[in-house]
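See below for the structure under consideration.
The values are calculated or read from the model by the stated rules, or taken from the named source; none is laboratory data. Quick caveat: nothing in here was measured; it's all calculated off a predicted structure. Here the Cβ is made from the backbone with ideal geometry for all residues, glycine too, and neighbour counts use every protein chain on show.
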């Protein structure tokens, strides 16, 4: 039995589908008093409601689970948990009834204009497992938070999610009163450590305060049942959480060592964005989630949500949130309703050993170590602020999460595994979770991307050194070069016939490299008095050979040979033949044409786009190194490859969105560390793709794309024209537009995700669409390629009422508000307000480097008004120039041509000679940051405005 | 008497000294109409005669009837402003009467009424925010009047989307019954810092309120 030492009156009662034990034995309870009111009309749902009061007048607790049977009803019931084995509808009661306790539940019946009659009885599960033993609890009966059980986290870190609260240990933010712990979040500017460790040497200021309590180093558990009875806060921007973190992080930092979210909720009672929600429907879901995988950003998560039946909102009353955690399985409950299960089949932990080799944790890792409990209310942040009504509604604060009790049970059947005590519900969702990425063993990855290494210090086991040496003129060996380079292959050809090659048996399928592969290796001519060339080849056995001719130099060079070009060229010695890429028996052949001594190193196949004018990402099939994937915050996206109804499209990708928060992307392969292949698309001009929207029930049918260069590097959200439903639409997006797009940081030299496509975030449910013909193409004219720099060759205004394209205000560290504001004299000006105490620098940032070479004899000028001086009178106003290649120059603003320091309240003109900036170390061909700020750590209180920023030749 | 004078006076003193934002619109039907109130019924459309205004020499009340039409349940409701400071208490004052054509009916056979708080989703709650009602399906067995001061649980403070509702239900006897709502008020009362001369009054009021919260039965038969 659940050994409740105290059963508190619940503000609301569970009326819902319950966790019926596997082998329940239900028996009638004779001693309970049951009374009911007569029917009232529920105007909202057009149902009848009946209040039923259940009392336990005895001196003995009635241990749950209990169920209230509603028999012989003259109207159909509308909120029953289920039916008994005899077909009698029943409501599950969340827990037992303490001696003397009375509770009221509410029954719902379908409406008909007739008198309602029914019979009520109470049953108890005599077989309910008595195997959970209470091992830890806090009933919050005292007058203050029990510091033997809880400690406070105190910081303004933001939880890693850009949350807007500082956590404090003050009584205003958490207190114990009337048998409950209250965590109160309120609007209040507060300054504290900007890090999770509470290190006060670095501070941040945030606009809300709240509390986060944890049992770290006071109570930790591996396995058990964890029950928390709580009433949740409501309103846009609230994010209560009852959760667990690892104590020891044995598999690495978050989330490789796991996170168990017993309950999270965001924005309760704000407009619901649940699938199918109508305007006016209020958010009522709580979530149970696991986070695991690799350390951030290689983490993944899985879970599901739950809404209490009959429209009961978790913010309106107390409900019990629980998990049962055993080796290999975790189950989630609300009011004893078992609604979700996850197993180790769907979670994993991967980490690197001391040698950097990726390892998948054994057994049920990471959820087989010590975890501790946390209770908190966050405000805003990456989740809460981006869903429902978006942002934070400050008018709803203060908000509280009240916790009636926290109880932890151990499974007495098998405490070491937690197994044998499970409470299994009939309708719980088995959350599939995520499969561990395949860790590629080099010996298993022969011929595959993202990099197929043949030789680095040694030849891989799948290959062997071979030689065609009819005259005995070829010799080779592995030698140590410099310590940095390690071992290299030294090949000596004293004649002109013969070669050395890496042989593969069996032959290798290298088709992944057929379109965008490159054979890459380092080579150096140690001795080449004869000026010999070298044929480099791969082959499928003579004459199925592809080759290229190179001339090594006496210095190490990295050679990149295009695989498609070599396949196209074929065998230069036997024209008309070429290698069969799916059957490569010798992936690397070096054949000097005359006497030479060579060194070779780092032989591999990888991906590159040199000379490629059309990159096919998807057309009928994924084209390596690209494949499709998705990021789903919650819910799901189904990705299928289907045959289009339009024969001209062949096979297409079909995306079905059962979520409002997801993106689908076409991305390059990643290595074991999760690093994706970066491709240089600077020579390309246009992103092309086709969309067919099959279903789209949304009122606002907006779609968005992006191109990423290793998130967060990317174009930012780029809205596209809404396609008509049922009609294929082709898109051509100039890459130049993606670069100049506001907020874009797209770098075409490092593209890893040529297309991210999704119905607008927060508004996706029900969309079914197909995608085809994803390509990035060039027009063959490199003169019109998207720019990778902005050349200043005439007087250029960077800001006047608005920024020139590509420029924006920027703040490094979240302690300055930057905006464009109206000035009475000057119209719109840039405004930088250093509101926070933490160190920060702010100013102007360009998305592309600016080449000011033509202005080497010119000036950079601007008007500047120090609207408010820094609080610290000793702070000096500085200006800093930075470039995309790392050069920078910081100086006092008074070092301008005018020689004056900024004066409060005055518009002043500042001029800097570009040539002087160059002399002092700035690469004036790469300028991308112009920053004005008070001395480091002394900025708070300063406000400045900027206007008429201009480069003059 | 429609009102119990001592309560009214105490209430006025307290509220005038310390009340804050919680309000009910047209709670005393001073406009002699249903301004601020909404009506609902299982009958669609609502029968106009089921909702009337009684004008007694300029003092108006709302009357909701059962068995004048085919409606099973008629509801008068209003979304309420539960704004309150941390240090205040939310007091709900109710003044209403009921009457029926029949009297001396057996228990649970008469038309009946309920007063409750609705969270907007159709669930009915009592003053402690438990499932239930302030008045839960009470028989209308002849005339009776009710004047109540009810302390709402702190958990109601600053909640939104809640409704106060009066419901009258037919027992399908086709004999008329009615509930007459004279006035309703919701006040956020500061429970601290009463002037010395008021302290006893405040204590007395608080005690009365506590009794109401636990026992709600200041019923006067006339």
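Hey, does segment A:82-102 have a residue that's in contact (Cβ under 8 Å) with a residue 60 or more places away in the chain, surrounded by fewer than 23 Cβ atoms within 10 Å (Cβ to Cβ) and farther than 21 Å from residue A:30 by Cα? Checked segment A:82-102: at least one residue is in contact (Cβ under 8 Å) with a residue 60 or more places away in the chain, surrounded by fewer than 23 Cβ atoms within 10 Å (Cβ to Cβ) and farther than 21 Å from residue A:30 by Cα. Restricting segment A:388-420 to residues that are within 14 Å of chain B (Cβ to nearest Cβ) and over 30 Å from residue A:765 (Cβ atoms) leaves a set whose member that is surrounded by the fewest Cβ atoms within 10 Å (Cβ to Cβ) is A:398.
When segment A:689-733 is filtered for residues that are in a strand (DSSP E or B) and either more than 24 Å from residue A:751 (Cβ to Cβ) or in contact with a helix residue (DSSP H, G or I) (Cβ under 9 Å, 6 or more places away or on another chain) (or both), the ones remaining, listed by number, are A:690, A:692, A:693, A:694, A:695, A:705, A:706, A:707, A:714, A:718, A:725. Residues of segment A:282-307 that are in contact (Cβ under 8 Å) with a residue 60 or more places away in the chain, buried (at least 23 other Cβ atoms within 10 Å of the Cβ) and more than 15 Å from residue A:383 (Cβ to Cβ): A:290, A:292, A:293, A:294. Taken over segment A:258-308, the criterion of being over 23 Å from residue A:403 (Cβ atoms) and over 24 Å from the mean Cα position of the chain (by Cα) is satisfied by A:271, A:276, A:277, A:278, A:279, A:280, A:281. Determine whether segment A:577-584 contains at least one residue that is touching a helix residue (DSSP H, G or I) at 6+ places or on another chain (Cβ under 9 Å) and closer than 30 Å to residue A:758 by Cβ. No, there is no match, as no residue in segment A:577-584 is touching a helix residue (DSSP H, G or I) at 6+ places or on another chain (Cβ under 9 Å) and closer than 30 Å to residue A:758 by Cβ. Count of segment A:488-525 residues, restricted to those that are in a loop (DSSP other than H, G, I, E, B) and under 41 Å from the mean Cα position of the chain (by Cα), is 7. For the residues A:105, A:52, A:44, A:145, the requirement of being within 14 Å of another protein chain (Cβ to nearest Cβ) and part of a loop (DSSP other than H, G, I, E, B) singles out A:44. Being in contact (Cβ under 8 Å) with a residue 12 or more places away in the chain, within 14 Å of chain B (Cβ to nearest Cβ) and touching a strand residue (DSSP E or B) at 6+ places or on another chain (Cβ under 9 Å) is true of residue A:230.
Limited to segment A:744-767, what total is found for residues that are under 26 Å from residue A:725 (Cβ atoms) and in a loop (DSSP other than H, G, I, E, B)?
Filtering segment A:744-767 down to residues under 26 Å from residue A:725 (Cβ atoms) leaves A:754-767.
This time we only want the ones that are in a loop (DSSP other than H, G, I, E, B), so: A:760-767.
So the answer is 8.
Could you pull out the residue among B:119, B:86, B:44, B:70 that is surrounded by fewer than 15 Cβ atoms within 10 Å (Cβ to Cβ), within 13 Å of chain A (Cβ to nearest Cβ) and closer than 28 Å to residue A:398 by Cβ? Just one listed residue meets the conditions, B:86.
Quick one: in segment B:124-135, which of the residues that are out of contact with any strand residue (DSSP E or B) (no Cβ under 6 Å at 6 or more places or on another chain) and either surrounded by 20 or more Cβ atoms within 10 Å (Cβ to Cβ) or more than 9 Å from chain A (Cβ to nearest Cβ) (or both) is modelled with the lowest pLDDT? Even if it seems obvious, please write down each step before you answer.
Within segment B:124-135, the first condition is being out of contact with any strand residue (DSSP E or B) (no Cβ under 6 Å at 6 or more places or on another chain), and the residues that meet it are B:126, B:128-129.
Next, only the ones that are either surrounded by 20 or more Cβ atoms within 10 Å (Cβ to Cβ) or more than 9 Å from chain A (Cβ to nearest Cβ) (or both) stay: B:126, B:129.
Working: B:126: 94, B:129: 91.
Selected residue: B:129.
When B:98, B:189 are checked against the criterion of being part of a strand (DSSP E or B), modelled with pLDDT under 90 and either crowded, with 21+ Cβ neighbours inside 10 Å or on the phi > 0 side of the Ramachandran plot (or both), B:189 stands alone in meeting it.
Pick out the one residue from A:681, A:769 that is within 22 Å of residue A:627 (Cα to Cα) and modelled with pLDDT under 95. Selected residue: A:681, the only one of A:681, A:769 that is within 22 Å of residue A:627 (Cα to Cα) and modelled with pLDDT under 95.
Selection over segment B:103-116 of residues that are on the phi < 0 side of the Ramachandran plot, surrounded by fewer than 17 Cβ atoms within 10 Å (Cβ to Cβ) and either away from every other protein chain (no Cβ under 13 Å) or within 15 Å of the chain's Cα centre (by Cα) (or both) gives a count of 2.
The residues of segment A:850-864 that are surrounded by fewer than 22 Cβ atoms within 10 Å (Cβ to Cβ) and in a strand (DSSP E or B), listed by number, are A:851, A:859, A:861, A:863.
When we screen A:6, A:103 for residues that are within 30 Å of residue A:136 (Cβ to Cβ), out of contact with any helix residue (DSSP H, G or I) (no Cβ under 8 Å at 6 or more places or on another chain) and at pLDDT below 85, the only hit is A:6. For segment A:360-372, the condition of being within 25 Å of the chain's Cα centre (by Cα) and over 19 Å from residue A:249 (Cβ atoms) holds for none of the residues. Would it be correct to say that residue A:176 is without any contact (Cβ under 8 Å) to a residue 40 or more places away in the chain and in a strand (DSSP E or B)? Yes: the conditions hold for residue A:176.
Based on this model, can you work out whether residue B:65 counts as modelled with pLDDT of 95 or more, in contact with a helix residue (DSSP H, G or I) (Cβ under 8 Å, 6 or more places away or on another chain) and either surrounded by fewer than 21 Cβ atoms within 10 Å (Cβ to Cβ) or away from every other protein chain (no Cβ under 13 Å) (or both)? Write out each step before concluding.
Numbers: modelled with pLDDT of 95 or more: yes; in contact with a helix residue (DSSP H, G or I) (Cβ under 8 Å, 6 or more places away or on another chain): yes; either surrounded by fewer than 21 Cβ atoms within 10 Å (Cβ to Cβ) or away from every other protein chain (no Cβ under 13 Å) (or both): yes.
Against the criterion (modelled with pLDDT of 95 or more, in contact with a helix residue (DSSP H, G or I) (Cβ under 8 Å, 6 or more places away or on another chain) and either surrounded by fewer than 21 Cβ atoms within 10 Å (Cβ to Cβ) or away from every other protein chain (no Cβ under 13 Å) (or both)), residue B:65 qualifies.
Kindly provide the set of residues from segment A:548-572 that are outside any strand (DSSP E or B) and over 40 Å from the mean Cα position of the chain (by Cα), ordered by number. Residues satisfying the conditions are A:551, A:552, A:553, A:554, A:555, A:556, A:568, A:569, A:570, A:571, A:572.
The residues of segment A:598-620 that are in a loop (DSSP other than H, G, I, E, B) and on the phi < 0 side of the Ramachandran plot, listed by number, are A:608, A:609, A:610, A:612, A:613, A:619.
Among the conditions (1) part of a loop (DSSP other than H, G, I, E, B); (2) touching a helix residue (DSSP H, G or I) at 6+ places or on another chain (Cβ under 6 Å); (3) more than 14 Å from chain A (Cβ to nearest Cβ), the only one that residue B:149 does not satisfy is (1). Of all residues in segment A:318-325, none satisfies being farther than 19 Å from residue A:424 by Cα, at pLDDT below 95 and either surrounded by fewer than 24 Cβ atoms within 10 Å (Cβ to Cβ) or within 22 Å of the chain's Cα centre (by Cα) (or both).
If you check A:364, A:344, A:349 for being farther than 30 Å from residue A:81 by Cα, free of Cβ contacts under 8 Å to residues at least 60 places away in the same chain and more than 14 Å from chain B (Cβ to nearest Cβ), only one passes: A:364.
Tell me, which residue of segment B:47-60 that is buried (at least 16 other Cβ atoms within 10 Å of the Cβ) and under 12 Å from residue B:178 (Cα atoms) is farthest from the other protein chains (Cβ to nearest Cβ)? Within segment B:47-60, the match that is farthest from the other protein chains (Cβ to nearest Cβ) is B:52.
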